[in-house]
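Student: My questions all concern the structure below.
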Amino acid sequence: MTDTVNYTESVERRALRAAVADLGARYGQRYFLDKARTGGKTTELWAEAGKLGYLGVAVPEEFGGGGGGIGDLAAVCEELAATGCPLLLMVVSPAICATVIARFGTDEQKQRWLPGFAEGTTTMAFAITEPDAGSNAHELATSVRRDGTDWVLNGGKYYISGVDEADAVLVVARHVDENGQRLLPSLMIVPTDAPGFTFQPIEMDIVSPEKQFTCFFDDVRLPSDALVGAPDAGLAQIFAGLNPERIMAASFSTGMARFALDKATAYARTRSVWGTPIGAHQGIAHPLAQCAMQLELARLMTQKAAALYDAGQDKAAGEAANIAKYAAAEACAATVDQAIQVHGGNGIASEYGLGALLTASRVSRIAPVSREMILNFVAQHTLKLPRSY
Amino acid sequence: MNIVVLVKQVPDTWSERKLTDADHTLDRESADAVLDEINERAVEEALKLQEAHGGEVTVLAMGPDRATEAIRKALSMGADKAIHVSDAALHGSDVLATAKVLAKAIGTVEGVDLVIAGNEATDGRAGAIPAILAELLGLPQVTQVRKVEIDGTTVKAERETEEGVAFLEATLPAVVSVTEKINEPRYPSFKGIMAAKKKKVDTLSVADLGLDPAEVGLTGAWSSVLEAAPKPPRSAGQRVEDDGNGGAQIAEYLVGQKLI
């Protein structure tokens, strides 16, 4: 990184955004909601985006990817969300799983998995959260132990997205030694059809084609090469995947917020009561202007986080990614809420497609890391305050 | 099979398009500029023919510096190289001058088998360039087609009109213009976008093409625009109160307009 900050994106990044926006617009929110409400998946859009290399933008070129960075992948995620087609598994499969394997995987693991990520033909879920540990990797109960050359996985995870659509799940588990002592966590690639691995959908009040799952691992036997990277690499590898996740989650939120803001402003310009478009009233205009500013600030921070990450500054990227994720979630929840308010009763009518976003926008404050955990992070790491847990 | 595709940067049809007060030429600053959609189809058709028959696809654009964005989009779709004719003297060129410039520029490409254009740009709407160009190049014109095939040294095409479909044939080289029914253009892939900046774009001036600046632009135009006024806003239309026979009244109206 040089000292000069570039506030405009490259010609290529802008061309990528335009191309992805065109593709997303052809599908549109109607497609997305129909899939969500009929139990379908956004398979066609995912496949087409994959074929065009949009899902593999950040995979290294030698494995068939675009050789770009997380900033490119985040642009794809944001543009699709801005057309009403947020693809949740983009946050997980190409962002966390492909990144971790590309950075820490063995040559064989890269050969095995990265070409599929490059084309979007491989989907991998990510499993860290547990009922008694949240996403605190120090407290995870899921364990992995050696048995000859194999690994044996035991435990469970919950709120894991898209397991039913995935070829495999990247599971965070802690090593246990012969004495049952829990050691460092590692990342294990677990095929979804592995014997002993079962998963159950969690009923959610959210309009999304992607489902949430509880996962159970009962003596799941895995080959030696299921472990990504070195057995003693510990948390560093996991955090390397979580920064892209936060940047992607932020982009998912800013995209959704843009979609809602576009709808709200179009409505405020055209909906006329007593001869005046409602957008002429400051009671309508000012809150929307606030949303626009909040949104733009969140986008700026997201771009900063992506630029730092792509420049290899993991530590600075960690702080920026957390701040971006927080800001984007708040912008998204506030903008969807305001867009509904601007629409009055129409804001809840199915035809306008905003009510369907209400829970989804609210989720952005909770997942993949909650607002409170980010506040903890900033308090502890940025402000050097005593840790609270 | 070497193909030249004519592309044009136009104001986005979704934005408000205006003429300048000074000389009634297009106000390019007032609207977002995009690659004309019909040109995306022309590029798509060229790429399909290239996939089947090999050769090179060259994109040719005449327009201000900013037209590089439209050229880049065509290159990101997969065209091999580009020629950009850019010269302040071209400002205000009519279709005759434009065709002259394009013909000269096509002459700089070796071994051209086919020139593909959109049937009509969304800004000028003259729809005359492909025909004039064919005349200037002394090539057969196969215009307004919805389907193109190459069979040896013959181009076969289908032209759909209100009266029916004409099946056309011409010997290569030829000029073809396509309608919006020809195909669905591809999206630029990420690799295509990244590769576009490395592709060769030759920028040529009017002098480079051996033309006299007086022959082109506003001064060289055979006609001039004296006055222009925006279209009046739509009138309120006819309001039908439905007191039970609303359907019949709508049908009557449509019959009156010869729509049903």
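Student: Here are some conditions: (1) buried (at least 17 other Cβ atoms within 10 Å of the Cβ); (2) within 14 Å of another protein chain (Cβ to nearest Cβ); (3) aliphatic (A, V, I, L, M). A:Ala47 meets all but one. Which one does it not meet?
Tutor: Answer for A:Ala47: the failing condition is (1).
Student: Return yes when A:Val171 is crowded, with 22+ Cβ neighbours inside 10 Å and either under 30 Å from A:Ser208 (Cα atoms) or touching a Ser or Thr at 6+ places or on another chain (Cβ under 7 Å) (or both) and no when it is not. Break it down stepwise before answering.
Tutor: Numbers: crowded, with 22+ Cβ neighbours inside 10 Å: yes; either under 30 Å from A:Ser208 (Cα atoms) or touching a Ser or Thr at 6+ places or on another chain (Cβ under 7 Å) (or both): yes.
Yes: the conditions hold for A:Val171.
Student: On to the next question. Does region A:219-228 hold any residues that are out of contact with any Pro (no Cβ under 9 Å at 6 or more places or on another chain) and either charged (D, E, K, R) or part of a strand (DSSP E or B) (or both), and which are they?
Tutor: Result: A:Asp225, A:Leu227.
Student: Do you know which residues across region B:199-216 are in a loop (DSSP other than H, G, I, E, B) and either within 14 Å of another protein chain (Cβ to nearest Cβ) or loosely packed, with under 14 Cβ neighbours inside 10 Å (or both)? Show your work before the answer.
Tutor: Step one: of region B:199-216, the residues in a loop (DSSP other than H, G, I, E, B) are B:199-200, B:205-212, B:216.
Listed by number, the residues that qualify are B:Lys199, B:Lys200, B:Ala207, B:Gly210, B:Asp212.
Student: Another one. Could you look through region B:89-100, keep only residues that are part of a helix (DSSP H, G or I) and of a type outside the set (Ser, Thr, Tyr), and pick out the one that is farthest from the chain's Cα centre (by Cα)?
Tutor: Our first condition is that a residue be part of a helix (DSSP H, G or I); within region B:89-100, this holds for B:89-90, B:95-100.
Still in the list and also of a type outside the set (Ser, Thr, Tyr): B:89-90, B:95-97, B:99-100.
On the way: B:Ala89: 21, B:Leu90: 17, B:Val95: 12, B:Leu96: 15, B:Ala97: 16, B:Ala99: 12, B:Lys100: 16 Å.
Looking at residues that are part of a helix (DSSP H, G or I) and of a type outside the set (Ser, Thr, Tyr), I get B:Ala89.
Student: Additional query: Testing B:Ala31 on (1) within 14 Å of chain A (Cβ to nearest Cβ); (2) farther than 30 Å from B:Pro173 by Cβ; (3) of a type in the set (A, V, I, L, M), one condition comes back false. Which one is that?
Tutor: For B:Ala31, the failing item is (1).
Student: Out of all the residues in region B:25-36, which are among the charged types (D, E, K, R), in contact with a Pro (Cβ under 8 Å, 6 or more places away or on another chain) and closer than 22 Å to A:Asp22 by Cα?
Tutor: B:Asp32
Student: For A:Thr42, state whether it is within 14 Å of chain B (Cβ to nearest Cβ), crowded, with 18+ Cβ neighbours inside 10 Å and of a type in the set (S, T, N, Q).
Tutor: On the way: within 14 Å of chain B (Cβ to nearest Cβ): no; crowded, with 18+ Cβ neighbours inside 10 Å: yes; of a type in the set (S, T, N, Q): yes.
When the stated conditions are applied, A:Thr42 does not pass them.
Student: Evaluate the following for B:Glu120: is it within 14 Å of chain A (Cβ to nearest Cβ) and either in a loop (DSSP other than H, G, I, E, B) or at pLDDT below 95 (or both)?
Tutor: Details: within 14 Å of chain A (Cβ to nearest Cβ): no; either in a loop (DSSP other than H, G, I, E, B) or at pLDDT below 95 (or both): yes.
For B:Glu120, the condition - within 14 Å of chain A (Cβ to nearest Cβ) and either in a loop (DSSP other than H, G, I, E, B) or at pLDDT below 95 (or both) - is not met.
Student: If you don't mind, there's one more thing I want to ask. Inspect region B:91-112 for any residue being modelled with pLDDT of 95 or more, within 14 Å of another protein chain (Cβ to nearest Cβ) and at positive phi and give the result as yes or no.
Tutor: no
Student: Follow-up. Go through region B:217-251 and count every residue that is more than 34 Å from the chain's Cα centre (by Cα), hydrophobic (A, V, I, L, M, F, W, C) and outside any loop (DSSP other than H, G, I, E, B).
Tutor: Final tally of qualifying residues: 3.
Student: Now, a different point. Residue under question is B:Thr68, and the condition is that it be hydroxyl-bearing (Ser, Thr, Tyr) and within 15 Å of the chain's Cα centre (by Cα); does it hold? Spell out the reasoning first.
Tutor: Details: hydroxyl-bearing (Ser, Thr, Tyr): yes; within 15 Å of the chain's Cα centre (by Cα): no.
No; evaluated as a whole, the condition is false for this residue.
Student: Moving on. Can we say A:Gly312 is modelled with pLDDT under 95 and closer than 26 Å to A:Val76 by Cβ? Don't jump to the end; show me each part of the working.
Tutor: Values: modelled with pLDDT under 95: yes; closer than 26 Å to A:Val76 by Cβ: yes.
Yes: the conditions hold for A:Gly312.
Student: Which residues, counting only those in region A:159-213, are touching a residue at least 60 places away in the same chain (Cβ under 8 Å) and among the charged types (D, E, K, R)?
Tutor: Answer for region A:159-213, where residues must be touching a residue at least 60 places away in the same chain (Cβ under 8 Å) and among the charged types (D, E, K, R): A:Glu165, A:Asp205, A:Glu210.
Student: Out of the residues in region B:187-198 that are touching a residue at least 24 places away in the same chain (Cβ under 8 Å) and surrounded by fewer than 17 Cβ atoms within 10 Å (Cβ to Cβ), state the one that is farthest from the other protein chains (Cβ to nearest Cβ).
Tutor: B:Ala195
Student: A further question follows. Of all residues being farther than 13 Å from B:Val201 by Cβ and not in a helix (DSSP H, G or I) in region B:42-61, which is nearest to the other protein chains (Cβ to nearest Cβ)? Just the residue, please. Full working, then the answer.
Tutor: Let us first name the residues in region B:42-61 that are farther than 13 Å from B:Val201 by Cβ, namely B:42-57.
Now narrow it down to the ones that are not in a helix (DSSP H, G or I): B:54-57.
Numbers: B:Gly54: 23, B:Gly55: 24, B:Glu56: 22, B:Val57: 18 Å.
Here the answer is B:Val57.
Student: Given the conditions (1) within 19 Å of B:Ser76 (Cα to Cα); (2) at pLDDT 95 or above, and given that A:Thr38 satisfies all but one, which numbered condition is not satisfied?
Tutor: Exception for A:Thr38: condition (1).
Student: Let me ask another. Within the group A:Ala18, A:Ala58, A:Ala74, A:Ala36, which residue is touching a Gly at 6+ places or on another chain (Cβ under 9 Å) and either in the same structural domain as A:Tyr309 (by TED's automatic domain parsing) or not acidic (Asp, Glu) (or both)? I'd like the intermediate steps shown before the answer.
Tutor: Values: A:Ala18 fails: touching a Gly at 6+ places or on another chain (Cβ under 9 Å); A:Ala74 fails: touching a Gly at 6+ places or on another chain (Cβ under 9 Å); A:Ala36 fails: touching a Gly at 6+ places or on another chain (Cβ under 9 Å).
One residue alone meets the criteria, A:Ala58.
Student: Now for a different question. Can you find, within region A:221-237, the residue that is surrounded by the most Cβ atoms within 10 Å (Cβ to Cβ) among those that are over 24 Å from the mean Cα position of the chain (by Cα) and among the aliphatic types (A, V, I, L, M)? Can you show your working first?
Tutor: Of all residues in region A:221-237, those over 24 Å from the mean Cα position of the chain (by Cα) come to A:221-225, A:230-232.
Add one more test, that the residue is among the aliphatic types (A, V, I, L, M), and what stays is A:222, A:230.
On the way: A:Leu222: 22, A:Ala230: 12.
The extreme case among them is A:Leu222.
A quick yes/no check of all residues on (1) modelled with pLDDT under 95; (2) farther than 13 Å from A:Ala260 by Cα; (3) in the same structural domain as A:Cys85 (by TED's automatic domain parsing); (4) surrounded by fewer than 23 Cβ atoms within 10 Å (Cβ to Cβ):
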{"residue": "A:Gln294", "(1), (2), (3), (4)": "no, yes, no, yes"}
{"residue": "A:Ala305", "(1), (2), (3), (4)": "no, yes, no, no"}
{"residue": "A:Ala321", "(1), (2), (3), (4)": "no, yes, no, no"}
{"residue": "A:Asp337", "(1), (2), (3), (4)": "no, no, no, yes"}
{"residue": "A:Ile340", "(1), (2), (3), (4)": "no, no, no, yes"}
{"residue": "A:Gly344", "(1), (2), (3), (4)": "no, yes, no, yes"}
{"residue": "A:Arg365", "(1), (2), (3), (4)": "no, yes, no, yes"}
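Student: Also, I was wondering about something else. Within region B:105-119, work out how many residues are crowded, with 18+ Cβ neighbours inside 10 Å and over 24 Å from B:Lys147 (Cα atoms).
Tutor: Final tally of qualifying residues: 1.
Student: Another one. Considering only region A:199-220, state which residues are in contact with a Phe, Trp or Tyr (Cβ under 8 Å, 6 or more places away or on another chain) and surrounded by 14 or more Cβ atoms within 10 Å (Cβ to Cβ).
Tutor: A:Phe199, A:Pro209, A:Gln212, A:Phe213, A:Thr214, A:Cys215, A:Phe216, A:Phe217, A:Val220
Student: When the residues of region B:65-88 are filtered to those that are assigned to a helix (DSSP H, G or I) and farther than 25 Å from B:Glu51 by Cβ, which remaining residue is farthest from the other protein chains (Cβ to nearest Cβ)? Quick ask: steps written out before the conclusion?
Tutor: Going through region B:65-88, the residues assigned to a helix (DSSP H, G or I) turn out to be B:65-77, B:88.
Checking which are farther than 25 Å from B:Glu51 by Cβ leaves us with B:65-69, B:88.
On the way: B:Asp65: 14, B:Arg66: 13, B:Ala67: 14, B:Thr68: 9, B:Glu69: 8, B:Ala88: 24 Å.
By that ranking, first place goes to B:Ala88.
Student: Taking the criterion of being small (Gly, Ala, Ser), surrounded by 15 or more Cβ atoms within 10 Å (Cβ to Cβ) and at pLDDT below 95, would at least one residue in region B:22-43 satisfy it?
Tutor: Going through region B:22-43, the residues small (Gly, Ala, Ser) turn out to be B:22, B:30-31, B:33, B:42.
Next cut, surrounded by 15 or more Cβ atoms within 10 Å (Cβ to Cβ) only: B:31, B:33, B:42.
Now drop any that are not at pLDDT below 95, which leaves B:31, B:33.
Yes, region B:22-43 contains at least one residue that is small (Gly, Ala, Ser), surrounded by 15 or more Cβ atoms within 10 Å (Cβ to Cβ) and at pLDDT below 95.
Student: Another question, then. For region A:53-140, which helices (runs of 4 or more DSSP H) that fit wholly inside it have 2 or more residues that are within 13 Å of chain B (Cβ to nearest Cβ) and buried (at least 24 other Cβ atoms within 10 Å of the Cβ)?
Tutor: Those helices (runs of 4 or more DSSP H) span A:70-82.
Student: Of the residues A:Leu23, A:Leu80, only one is over 30 Å from A:Ile189 (Cα atoms) and of a type in the set (A, V, I, L, M); which?
Tutor: On the way: A:Leu80 fails: over 30 Å from A:Ile189 (Cα atoms).
Result: A:Leu23 is the single residue among A:Leu23, A:Leu80 that is over 30 Å from A:Ile189 (Cα atoms) and of a type in the set (A, V, I, L, M).
The values are calculated or read from the model by the stated rules, or taken from the named source; none is laboratory data. Keep in mind it's a predicted model, so treat the numbers as computed, not measured. Neighbour counts are summed over all protein chains in view; Cβ atoms, including those assigned to glycine, are modelled from backbone coordinates with ideal geometry.
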